[in-house]
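Chemist: Can you keep this structure in mind? I'll have questions shortly.
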Amino acid sequence: MITKNKSQINAVRGFSRRDLLKGAGLFVVGFSVSGVASAAGLAHPAAGAGVDMAFADIPIDQLDSYLAIAQDGDVTIFTGRIDMGTGNRTCFKQFVADELDVSIDRIEVIAGDTDLTPDGGKTTASDAIPVGAQPLRVSAATARAKLLELASGRLGVPVDQLTVSDGVVSVKSDPSKTISYWDLIGGGRFGIKLEVDRLTLSGPILKIPAGVTLKTVDQYKYVGKSVPRYDVPERLILGNFCQNVRLPGMLHGRLLRPATYGATLVSVDESSVKDIPGFVKLVVEGSFVGVVCEREEQAIQAQERLKVIWSEGTGLPGSENVFRFIRTQPADKRPTRSDATAIKGDVATALGSAAKTLRATYEYPWNATTMFAPSCAVADVQADKATVWSGTQWPRYTQKDVAFLLGLPTESVRVIWVEESGSYGRLGAADAAADAALLSKAVGKPVRVQWTRQEEHAWAPHQPPLVMDLRGGLDAQGNLVAWEYESWSSTTHDTGRGGGLLAMRLVGRDPGPRNTPSGASASTSPSRYIIPNVRGAAHVVVPLLRSIYMRSPGGIQRAFIDESFMDELAAAAGVDPIDFRLRYLSPGIEVELIDVVRKSSGWVTRPSPNQNASSNARFVTGRGFGRGYEVQMVVEVEVDRETGKVRIIQAWLAYSPGLIVNPDGLTNQLEQAALQGMSRVLTEEVTFDNSKVTSVDWITHPVLKFSETPKLHVNIVNRPDLPLDGAGENGTPPTAPAIGNAIFDATGVRLRRAPFTPERVLAALKAHDSGGHDH
Amino acid sequence: MSIVNLNINRRTFTIDVDPTAPLLYILRNDLSLNGPRFGCGLGQCGACTVIVEGEAIRSCITPVSSVEGFAITTLEALGTIENPHPLQRAFIAQQAAGCGYCMNGIMMTAKALLDQNPRATEIQIMEALDGNVCRCALHIRVLKAIQQYQQEVRA
């Protein structure tokens, strides 16, 4: 069984949290500061068109939705955000401990439970700190102000004569006069309404009430310190993962996926599995086929043995043809941000009169999150309600999706987030939750669904590819005067915005994305460089496979293309690659960070490629710079000219998230994002033949090995004067161009197609040696 | 179904199961030993690693009957939240976890290696871990943690 923590039990014991928050006869603290709670109804004046905010069970505008103080002094914070292994919950504790003036050890976090936590939108986009923490900070600061007001009344001195230490309020002039938060409100409600400033897909931003101030940087005790992640010992020793949820009478389910892409069910032979001991039921709805058995190994046996006949399928173009194919795909009319154009100056004239023009096509393939633990969920569906345990990144959408499939009202479905595998975007579409719900409904008992490795690699939604044609022009002095591009890409929100789950597609009931306000990855270029003449067109086409966002969606792809082509232009101009870029960037944090990484890496100012690039030595080394929009990176590589194997020797990066909340946590996130990016650039691609995905396990889709671990030098810059930025994704984008540029520096060969596998590098080296075109 | 006797973490368990069932599912579902985890079922990722007679093995592809009579060690034998094993303490100190799902396999593989060869070099450690996948890419922290543990064991 999963172990519930103390406050989780307290929170559900005796009363429902929804009842509590609706004020069902429970003790309410008298209240006088700004914004007395209005009647229960929730208006969402800030809800923009297309933003689905019908989640009012736990009001997002009530302090009590976010924070509770128990009689024993426990402080519980409630967040709709989930923690996929980034440590965001530890950062939430740091903020709340500081704003409330309590020891961090008093605080527990309840995350992602639709019966207990307010809507926190999605846990994506690295915005847990800038957005997810915000309502918690405001709630804690407001609670502190209210508690001081109450203490002032009880102690008979003005608020400014009071001081707080770990939840105990005392009179400055007479420290023997004290009263604690839990004496003031323990077990009760604040009853304070908070105003929603604006709603985002990542949850609400609250207004700071009049009379309440957030702490300043110099007042922080925990924020800014490397507080260890409290969930790390649990993850390392107990491993309380979704996979461990075991309910009384729970059965085990497995799915059978179409033999080829787009195939539909023709027939299924139940007699092929009926004799398996413990076999319970074959579940078929449309092309959704599942087996349910008493024991897990029995379900696996049934999955392997069930005889299914599928139709031929719709076919795939083969992954080597994907970049030709994408140019022929029809436009995708669903996303509101679809095709985009950019026009500045007069590109035609500038290119026509340029001293030198460069032309290139860059290609970035389909990428797979390949979540380490294949999808898993447990569902307990009863006649009028359902409970689902899932690692979903978007509990409120999983709730709606499951309710839709089961034909239940949304509020009759409870989704409980449980720690899961790192998902990097993939669990924005919690497919297994829907699978488990359908199987549980069919057998009337709780069912645990576990996807296979091959299912996860092949049938998870994937990050779509990007292809871009570019032309650049240099004048006689080597100045960049024109940049022209045309790109083809697909939305990353085919799934992951509600709808689009595999089960929905297979049963033939897909409501489609619940909203796609900015769902496209229309790829414009080049980001933030100031170039006199720019012209471009970005086409958004129907995705070939089911698509989703993956860690810095569009980021690694665009950085690869922008920054590799800039490198080509710098080399053509005979200018140092960093110096060349600085000509076209405005002063600011980006330029400051480029300077940091330049110094940190001991960058020698000179043009690329280096002098050894034309040597015949087997091993050659080179260095490359990559601008990743937020993170700046220098990479040193070694290329084996005989095998084409690229080894990353070391890398330097520089980043500022504005205020650094947890230096070690930030460093750790940057390390992980960078290494995962390097893995993607060197080896990763979703491959498929003419009928099915062929990258289906760790052999056919390898990732970075321990023996390939580079040295990494992380520079983080604390700039509390700048807006808060996230940590999870930003380390990924610069890896692609930095590595490609380093390979160019080492060999003189430009790679324009990712990933840089040994075969591809070797082919490019050979083509270069024989005087052919680069790849 | 047949009776199988297993010696796990120095205790004996008698269970009535399909003798060909992979050890992993018996450990997890019958004995609630959640340390070993399902990652691939193919012996490719290491998530399910347990130590049998000193060797790190993949319980997802090991028939339960084949380990009858052998000493099986799972993650649960290492340490507790209150009293972590020194190897786990080193991983905690280095914050060597993203999601942590793969770390059973990484810690058990490292433990089997270091029990046999406490002075394993960094290259030997990396090669031993090449059969493990860490998708969150904690490579740097993992290697630091193992080195920290080696130093503590020596001291």
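Chemist: So which of A:Leu238, A:Leu256, A:Leu265 ends up being crowded, with 18+ Cβ neighbours inside 10 Å, aliphatic (A, V, I, L, M) and within 11 Å of chain B (Cβ to nearest Cβ)?
Modeler: None of the others qualify; the one that does is A:Leu238.
Chemist: Right, something else. If you take the residues in the range B:92-114 that are outside any loop (DSSP other than H, G, I, E, B) and over 13 Å from the mean Cα position of the chain (by Cα), which one is farthest from the other protein chains (Cβ to nearest Cβ)?
Modeler: Looking at residues that are outside any loop (DSSP other than H, G, I, E, B) and over 13 Å from the mean Cα position of the chain (by Cα), I get B:Ala93.
Chemist: Being more than 7 Å from chain A (Cβ to nearest Cβ), within 21 Å of A:Thr667 (Cβ to Cβ) and among the charged types (D, E, K, R) is the filter here, so list the residues in the range B:117-140 that pass it.
Modeler: B:Glu122
Chemist: Residues of the range A:750-764 being surrounded by 21 or more Cβ atoms within 10 Å (Cβ to Cβ) and either among the aromatic types (Phe, Trp, Tyr) or more than 31 Å from the chain's Cα centre (by Cα) (or both), which ones?
Modeler: A:Phe756, A:Ala764
Chemist: Can I ask one more? Of all the residues that make up the range B:70-81, how many are within 14 Å of chain A (Cβ to nearest Cβ) and either more than 12 Å from the chain's Cα centre (by Cα) or more than 14 Å from B:Ile8 (Cβ to Cβ) (or both)?
Modeler: The number of residues fulfilling the criteria is 3.
Chemist: Follow-up. Of everything in the range A:430-452, what is basic (Lys, Arg) and buried (at least 24 other Cβ atoms within 10 Å of the Cβ)? Give them in sequence order.
Modeler: A:Arg448
Chemist: Then there's this: Within the range B:59-69, does at least one residue satisfy the condition of being over 29 Å from B:Ala137 (Cβ atoms) and either basic (Lys, Arg) or within 12 Å of another protein chain (Cβ to nearest Cβ) (or both)?
Modeler: yes
Chemist: For the subset of the range B:1-29 comprising residues that are within 13 Å of chain A (Cβ to nearest Cβ) and surrounded by fewer than 17 Cβ atoms within 10 Å (Cβ to Cβ), which member is nearest to B:Ser65 (Cα to Cα)?
Modeler: Once the filter is applied, the top-ranked residue is B:Pro19.
Chemist: Counting only residues that are farther than 22 Å from A:Thr361 by Cα, give me the helices (runs of 4 or more DSSP H) lying completely in the range A:520-611 with at least 2 of them.
Modeler: Filter on the range A:520-611 gives A:577-582, A:589-600.
Chemist: Could I ask something else about it? Name the one entry in A:Gly422, A:Gly500 that is part of a loop (DSSP other than H, G, I, E, B) and under 27 Å from A:Ala259 (Cα atoms).
Modeler: A:Gly500
Chemist: Another question, if that's okay. Tell me, which strands (runs of 3 or more DSSP E) wholly within the range A:252-326 include 1 or more residues that are in contact with a Phe, Trp or Tyr (Cβ under 8 Å, 6 or more places away or on another chain)?
Modeler: A:265-269, A:288-293
Chemist: Consider only pairs whose beta carbons are under 6 Å apart and that are at least six residues apart or on different chains; among these, list those whose first residue lies in the range A:367-383 and is polar (S, T, N, Q) and whose second residue is in a strand (DSSP E or B).
Modeler: Going by the 6 Å Cβ cut-off, the qualifying pairs are A:Asn367/A:Gln463.
Chemist: Look at A:Val415 and say whether it is out of contact with any Cys (no Cβ under 8 Å at 6 or more places or on another chain), surrounded by 20 or more Cβ atoms within 10 Å (Cβ to Cβ) and either touching a residue at least 40 places away in the same chain (Cβ under 8 Å) or assigned by TED's automatic domain parsing to the domain that holds A:Gly444 (or both).
Modeler: In short, yes.
Chemist: Output the residue which, of all residues in the range A:479-497 that are outside any strand (DSSP E or B) and touching a strand residue (DSSP E or B) at 6+ places or on another chain (Cβ under 8 Å), is farthest from A:Tyr362 (Cα to Cα).
Modeler: A:Thr495
Chemist: Okay, moving on. Within the range A:395-417, identify whether any single residue is part of a loop (DSSP other than H, G, I, E, B), under 22 Å from the mean Cα position of the chain (by Cα) and closer than 26 Å to A:Thr124 by Cα, and answer yes or no.
Modeler: Within the range A:395-417, not a single residue is part of a loop (DSSP other than H, G, I, E, B), under 22 Å from the mean Cα position of the chain (by Cα) and closer than 26 Å to A:Thr124 by Cα.
The values are calculated or read from the model by the stated rules, or taken from the named source; none is laboratory data. Quick caveat, the model's predicted, so the values are computed rather than measured. Heads up, the Cβs are rebuilt from the backbone with ideal geometry, glycines too, and the neighbour counts pull from every protein chain shown.
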